[in-house]
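I have placed the structure first, in the form of structure tokens, so that the comments after it can refer back to it.
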């Protein structure tokens, strides 16, 4: 398998909505998954999540899949190396925390999951929890 499955993509959404209720006091969030190329596979915005999260959460997922790292790590690299995000050549990249690659046991990136709508730290934490919620 080279990409996450459609069933897994939908399961990440369900798991994210569940985490909103269980871990984040029901605060609204958005969840997106992408295939290994960074193309959107699934997206959900919980009622009340800011409209801004629609675009940003999908960008987080795209960035993480294409770069093969968390968007938090990319943001740290951009600051550390004084890089301009535009140099990466994709107008849809973001360095906002909350995007996490989905990696199989062999270390191959199969896609990504991203969360938006909580704090930056919580977006990253929630995406990390989602990334290990399904065995790939």
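Within the range 18-42, the set of residues being in contact with a strand residue (DSSP E or B) (Cβ under 7 Å, 6 or more places away or on another chain) and surrounded by fewer than 18 Cβ atoms within 10 Å (Cβ to Cβ) comprises just one member, 40. Inspect the range 82-95 for any residue being touching a residue at least 40 places away in the same chain (Cβ under 8 Å), more than 14 Å from residue 123 (Cα to Cα) and either surrounded by 21 or more Cβ atoms within 10 Å (Cβ to Cβ) or touching a strand residue (DSSP E or B) at 6+ places or on another chain (Cβ under 9 Å) (or both) and give the result as yes or no. For the range 82-95, residues touching a residue at least 40 places away in the same chain (Cβ under 8 Å), more than 14 Å from residue 123 (Cα to Cα) and either surrounded by 21 or more Cβ atoms within 10 Å (Cβ to Cβ) or touching a strand residue (DSSP E or B) at 6+ places or on another chain (Cβ under 9 Å) (or both): absent.
Here the condition is being touching a helix residue (DSSP H, G or I) at 6+ places or on another chain (Cβ under 7 Å), over 16 Å from residue 130 (Cβ atoms) and in contact (Cβ under 8 Å) with a residue 12 or more places away in the chain; of 59, 36, it holds for 36 alone. Note on the range 57-74: residues that are surrounded by fewer than 21 Cβ atoms within 10 Å (Cβ to Cβ) and under 17 Å from residue 121 (Cα atoms) amount to 2. Given the criteria free of Cβ contacts under 8 Å to residues at least 12 places away in the same chain and in contact with a helix residue (DSSP H, G or I) (Cβ under 8 Å, 6 or more places away or on another chain), does residue 16 qualify? No, not satisfied.
Bear in mind these aren't lab numbers, they're just calculated from the coordinates by the rules spelled out. None of these values were measured; they are calculated from a predicted model. When we count neighbours, we look across all protein chains shown, and the Cβ atoms used for this are built from the backbone with ideal geometry, even at glycine.
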